[in-house]
Every structure is written in C-alpha cells, then in structure tokens.
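In what follows, a single structure is set out as structure tokens and then discussed.
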Amino acid sequence: MCPTCKAIHNKARATRDHQVVLREERCTEDQGSTFCKKHPDQKISLHCNTCNVPVCTKCIAGTHNSHKFSDISQFHQNLKREIEDSKRKMEKRMKEVNGLIQNGVQNWEDYEKKVNRIESSISHDAKTLYSLVDKLTQKRKDDLNSIKHQDRVTWETAKGRLDGEKTKLSRSLVQHDKCMSSTTAICMAELLKESQVLRCKRLDPIEILPPFYQTPSNTSVEGIGEIIKQSKVPTTLHSNNLKVGTPKVISSFNSTLKGYPSICYAGNGQVFLGSDQFNDIHTVNSKGKIVHKRKDVLTNKCHSLVATHSGDIVVSPEEGNCINILGRNNKLTTLFDASPYETRSLTLTEKQEILVCLRKYVDVRSEGRVVLCDGIGGNQERIGSDELYEYPIQAVALQDGGFFISDHGKQRLMVLKADGNIRHIIQNPLGMEPFWPWGICKDKAGNILTTDRWNNYVYVIGKDMSVKELVGKRERITEPRCLCVDDDNNLWIAQHDGEIKIVKYLDVQ
C-alpha cells in the first residue's frame, strides 16, 4: 500500500495492531507462507511433525515443547514432491480410465454388432422355418385334394352303378306288377323269367362311400411339428438323435491331384478337391472317381476351399494375400485383399459368411488374425484381438454366436465368446504332446471334429467340451489335414500324403 494508506491503516482502531511489511520481504507460500498466528512478530520457520502444523521459534518453547520438527522449506519441498507424485499417478490413472472407456465403447460396439448378427441369424432361421411350414402345409393340402379327387371318382363311379341298378330295379318292378296282374300261369312264368334277368348284384357299402379313413392324420395343424421333424429340409437345429458310435472306415482312395489336398463338401455325396501344386479343381465321389474336372481355373494353386449354397467355390490360394470366388462359369473374381497377411483356411457359416484365418511373419515371428467376411462386398469384421493368435489354421461358427478356432502356432484350440473373449482353451488333449491342431469342422449333432497332425489322430469334442479320440493309428490315419462332413453324416479326412478316408461314426438313436 502507499504511505498515505499505511498511515490511515495504523491509526484505525480495527487495523492499528496489524503489522505492515515491505512487499519484497513478504514470504512466498513455498517458503513458509505467513507469520505465526500465535506470535505475529515471528516468521514461521519450522513445521511440527507431531502436530502437523507450521510453528515459529517461540512455539518450540511453548505448547510444542519436546515435539519433532522439520525445516519449513524442506517440508514444503517434500510436500511439493508428494503432490507432484500424486498428480503423476492420477494422470496415469486418467489415461488408463480413458483407455478402459475407449476399449469398453469399442467392445460394446462389437457386442452390438454380434447381437445384430445373431438377431439376423434368428430372423433368417425363422424365415426358413416359416417357408418350410408353408411348403409342407401346401404339400399336405395338395395331398388331401388329390385324395379327395380320387375319392370323388370312386364315389361318382359307385353312384353311376347305383343309378344303373335303380333303373334296372324300376324295370323289374314294372315286370313284377305285370306278372301279378297276369291271369295265366304261363304268362306269369315268362314275366318272372324276364324280371330275374334284370336283377343286379348287391353293392357292398364300402364300395359306395368315399374312403375318408385313408386321409392322413397329420394334415392337421397339430401335426405340423412332427412334419418338420420328419422333413429332410436342412435347418440350423442340431439332431439330438445322432450319437457318436464306433467309427468305421467305409472308403479310402488317393487324391486325383498330387500334393497336399484340400477338400470341401459339394453335395450329392461328392467333394471339391484342390491341391497346393495345381490350378485345377476336381469333383470326386466317395469311390475316388472324378465326376468333373475344372482345369487351370485358379491362378495360384489352392490352400483351402469351401462351397456356397449357390454352387460357387471360395478359394484361398497357396501363396497369396487374397480370397477368390470361382463361379459356376469358371470365372475367377477377387473378393478381398488381406495384405500384408497371407490367407489360410476358410469356413462357411450358416448365413453364408466366410470365416478366414490370416497369418503374417514379423522377422521370424508369426502373427495371426481371424476375420468374418460378409461374402458380398468383402467387408471384414475382426474376431477377437490379434494377441490371441500366432498361426490360426481354421475357425467355425457356433450356435451361440461364438467361434471355435485351431491355432497351430500356440498349439491349442480356443472357444471364443460372441464378444471375442476367450471362454475355453484346450491344450494337449488326452496328454498328447506336442499338439498340432489343424483342420476343424462341425457335424449335425453339434460336435466339433479336429485333426492332430503330429499324433495322427482325429478328435471329437462334445458340447460339454469333452475330448475323445475318434480315429487314429488303428485306422492308419497319417498326418490328417482337412475335414468335412457329408449329408449322410460321414467324415471325410484328407491326409498330408494325399490319401482320403471316409469314416462313418454317427449312429441314429
């Protein structure tokens, strides 16, 4: 303040006891801040550690006698460091919280996508069932109308016969009346003889009435559920009456293409067959006979292939970064480019989406990724984080929206939830080490089948994640690679040496 204000300040009753100091002499907050409250003429120079308050030298001899003290400047420096450390920790935690929020938002978006996809699948299944019910209902109506037509013909035929008998009976009655009215025996005999000629054989009632007892009992609405169960139209529902029985090799033959074979089911008891050494695709039956050849239709051999419902073949090249579609007209188009990743095995979901396993090398280390492609525009959705994989081989979609994935690099099988998080891991099944999982597929009973190339086994994994040996050394399985299941519930196994075995293993209970 200015000298005039200072003079007024010293004279006023309310402020004349105040101590006025020069601005330059005033202590800063980090040097002790103020004068002692109990001794205004003394500067604060110490901090009482016992009472945790700032004090002056006079306080030491008073109420703070025998207490422990620290230099006020040192105390402030220590306090400043504590505040800075606390601030750094809070800033670090703030970054973690922001990261958790961002990850949570991303996970929630992925979760919503999965839910929407599952809802779409449910709607698709519902439409399939509605269509199935409509078709079966119409079929039963057509069958009923056919029976009705046949019965109408039967009834009209019987009625015609009755009308004929009625006419004959009327004529016979007229003759009988004449006979009764005749006056001579000879005349009566002649009339009676004529009337006997007109008599008809009696018709059985069962020949006259329409046979409604032949009408199918399950044409009612109550019987629709049973019709659906008996129908052979494919649905996404698992067959609960299929159980794993004693496996039996029912056919075995060598691949018609040299090299490492790749197979996928083509329908009608046949498979599409590709090779890592040829640009051809063969259609082969269960006896190993070539049904159809597509020569030089690929550009870079074949690592994996899968057939769509429309008859197209989705192909992953042996050495390449893309996914191609081979049309029924043998036209090859690229669905998407996965660079810098190499495309590995493919699997088709029930919604005709394509699960693709990818791999790339960073120095000498392998990194993997699994994506879900819509099969139309090549739009991709990542399945789980990349840290989960090292060398993923194949993936299949599960009924609950999750995924079952084999990883050759990490030597394990993984079950992922719909949100991409791990639900279950299978390593060293049945104590087999090392474990080299390769091809996997899903059968109609809801089981997962997977190969073990190192130990020469094919395992079957139930819905409860129990692992059992299906086929192995006793069936002379050698480095099994690819798997697929046909419409008759037979398992096709393509081996590393080019041999293909067909195994019957499901029994109807």
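Within the stretch 460-479, can you find the residues that are of a type outside the set (K, R), farther than 20 Å from G402 by Cα and touching a residue at least 24 places away in the same chain (Cβ under 8 Å)?
E469, L470, V471, E475, I477, E479
Working carefully through the options C36, C27, find the one that is surrounded by 12 or more Cβ atoms within 10 Å (Cβ to Cβ) and at pLDDT below 80.
C27
Whether any residue in the stretch 406-413 is of a type in the set (G, A, S), within 21 Å of Y260 (Cβ to Cβ), within 25 Å of the chain's Cα centre (by Cα) and not in a strand (DSSP E or B) is what I want to check.
Yes, the stretch 406-413 contains a residue that is of a type in the set (G, A, S), within 21 Å of Y260 (Cβ to Cβ), within 25 Å of the chain's Cα centre (by Cα) and not in a strand (DSSP E or B).
Just one of (1) assigned to a loop (DSSP other than H, G, I, E, B); (2) under 21 Å from the mean Cα position of the chain (by Cα) trips up L372, so point out which.
It fails just one condition, (1).
Do any strands (runs of 3 or more DSSP E) entirely within the stretch 265-336 hold 2 or more residues that are surrounded by 21 or more Cβ atoms within 10 Å (Cβ to Cβ) and in contact with a strand residue (DSSP E or B) (Cβ under 7 Å, 6 or more places away or on another chain), and if so, which?
Filter on the stretch 265-336 gives 270-275, 281-285, 304-307, 313-316, 322-326.
Out of all the residues in the stretch 333-344, is one or more assigned by TED's automatic domain parsing to the domain that holds G439, among the polar types (S, T, N, Q), at pLDDT 90 or above and under 19 Å from G402 (Cβ atoms)?
no
If you take the residues in the stretch 421-444 that are basic (K, R) and in contact (Cβ under 8 Å) with a residue 24 or more places away in the chain, which one is farthest from C264 (Cα to Cα)?
It comes out as K444.
Among the residues that make up the stretch 339-359, is at least one of them of a type in the set (A, V, I, L, M) and over 26 Å from G267 (Cβ atoms)?
Yes, the conditions are met somewhere in the stretch 339-359.
Starting from residues that are β-branched (V, I, T) and surrounded by 14 or more Cβ atoms within 10 Å (Cβ to Cβ), keep the ones in the stretch 58-79 and report whichever is farthest from the chain's Cα centre (by Cα).
Applying the filter and picking the extreme gives I60.
The values are calculated or read from the model by the stated rules, or taken from the named source; none is laboratory data. A quick note: this is a predicted structure, and the numbers were derived from the prediction, not measured. Cβ atoms come from the backbone with ideal geometry, glycine included; neighbour counts cover every protein chain shown.
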